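Report on the structure given below.
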Amino acid sequence: MALTTTIALFSLTPSALAFGPRHQYGPGGWGGGRYGPFGGGDDNDDGNAFSQFAGSNFANYLGDREKIVIAHGVLASLAFVVFFPLGSILIRLGSFPGLWLVHGLFQIFAYMVYIAAFGLGVWFVNNIPVNLIDRYHPVIGIVVFVLLFFQPILGLVHHFQFKKYNRRTIWSYGHLWLGRIVITLGIINGGLGLLFATELGFFVPSQGQIIAYGVIAGVMWLLWVLAAIIGENRRARSRRASSRSRRTSRSRRISRDSSSSLYKETYAHHGYA
Ligand code: HEM
Ligand code: HEM
């Protein structure tokens with residue numbers, strides 16, 4: 001499924017990009033641009049930017065820029081629509097020794113993928129002679145980038161506290177809820193990125209690509225929410241079972257067989273540890 005999703009995500013990136021008929025800066029499109037740098041601009045900086053890119057280098061420049069935008073969109077979407085949700089579903093539904101470590105390493109890998117996408121996004125912003133920092137898409141992307149930094153720390157502290165006290169602590173709730181909020185924000189920001197690209201007009205994504213992103217991202221988010229609900233229900237059930245087990249073993253009425261099956265249920269709840 002990951003492969004199909006990956007292929008679909010690649011298809012989300014504007015394929016008939018820079019020089020297609022829809023492109024604002026394609027043949028015949030000069031001067032119509034909203035952001036003057038490549039013609040039609042209304043301040044002096046824009047004029048300089050144009051002369052800098054004018055001539056035969058201009059096509060190369062747009063080609064490189066196109067690759068960077070595609071790489072940015074694909075990597076960031078993979079991180080938020082595929083990797084982070086998969087890592088979160090895994091910790092909820094999986095039950096094997098060392099699951100916490102697999103989740104942790106997988107999420108750190110997803111973060112590294114986003115770091116690469118982030119670098120490309122920042123490069124792109126710095127290379128457009130328009131102030132973009134007051135736009136929702138890059139600003140949300142930066143906020144998400146900073147908040148994600150705390151996730152591995154919270155996750156690690158949660159894990160060791162959990163081992164010590166055998167229950168969730170404030171660190172656990174911090175990790176769970178910051179993770180849920182940040183990943184959801186990232187998924188939404190991918191959609192905003194596509195709208196932003198449409199607004200900028202350099203490499204306009206098609207309506208189909210925007211719809212495909214919405215559908216894949218929405219399905220992935222719902223699967224993750226479902227996994228979180230199933231995981232929390234299992235956890236509540238096993239907590240009830242283990243407190244029942246404590247009560248019954250205190251009154252020494254428990255048989256050997258049922259005691260071992262209760263242990264298994266409890267292990268499923270502690271499975272990630
Ligand atoms: C960028 C890095 C990370 C992100 C974005 C992340 C995200 C998440 C999310 C969203 C959940 C909750 C899943 C759900 O129910 O919706 C979760 C749970 C968990 N994470 Fe992470 N995580 C990261 C790194 C780590 C690391 C490094 C560790 C441990 C070393 C870790 C340990 C755990 C554990 C043990 C749980 C289960 C908590 C519980 O059920 O009480 N995470 N993580
Ligand atoms: C949650 C994080 C992010 C996600 C999921 C994301 C995703 C996307 C996507 C899917 C696109 C459309 C690309 C295309 O049309 O092929 C896009 C465009 C863009 N992104 Fe991001 N992005 C994120 C963060 C950032 C950050 C941090 C920056 C810069 C600081 C940034 C700058 C841009 C710019 C300038 C564009 C427009 C490119 C164009 O004109 O076509 N993004 N982003």
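No lab work stands behind these numbers, since they all come straight from the coordinates. Everything quoted here is computed from the prediction, not taken from an experiment. Using ideal geometry, Cβ is built from the backbone for each residue, glycine included, and neighbour counts are taken over all protein chains shown.
Treating only the Cα positions of region 55-127 as identical point scatterers, give the base-10 log of I(q)/I(0) from the Debye formula at each q in 0.14, 0.18, 0.19 Å⁻¹.
The calculated log intensity ratios at q = 0.14, 0.18, 0.19 Å⁻¹ are -0.54, -0.72, -0.76.
Checking a compactness column here: for region 69-234, what do you get for Rg(Cα) / (2.2 N^0.38 Å), N being the number of residues?
1.11
Within 10 Å of each residue's Cβ, count the other Cβ atoms and sort Asp134, Asp64 from fewest upward.
Ranking Asp134, Asp64 by Cβ neighbours within 10 Å, fewest first, gives Asp134, Asp64.
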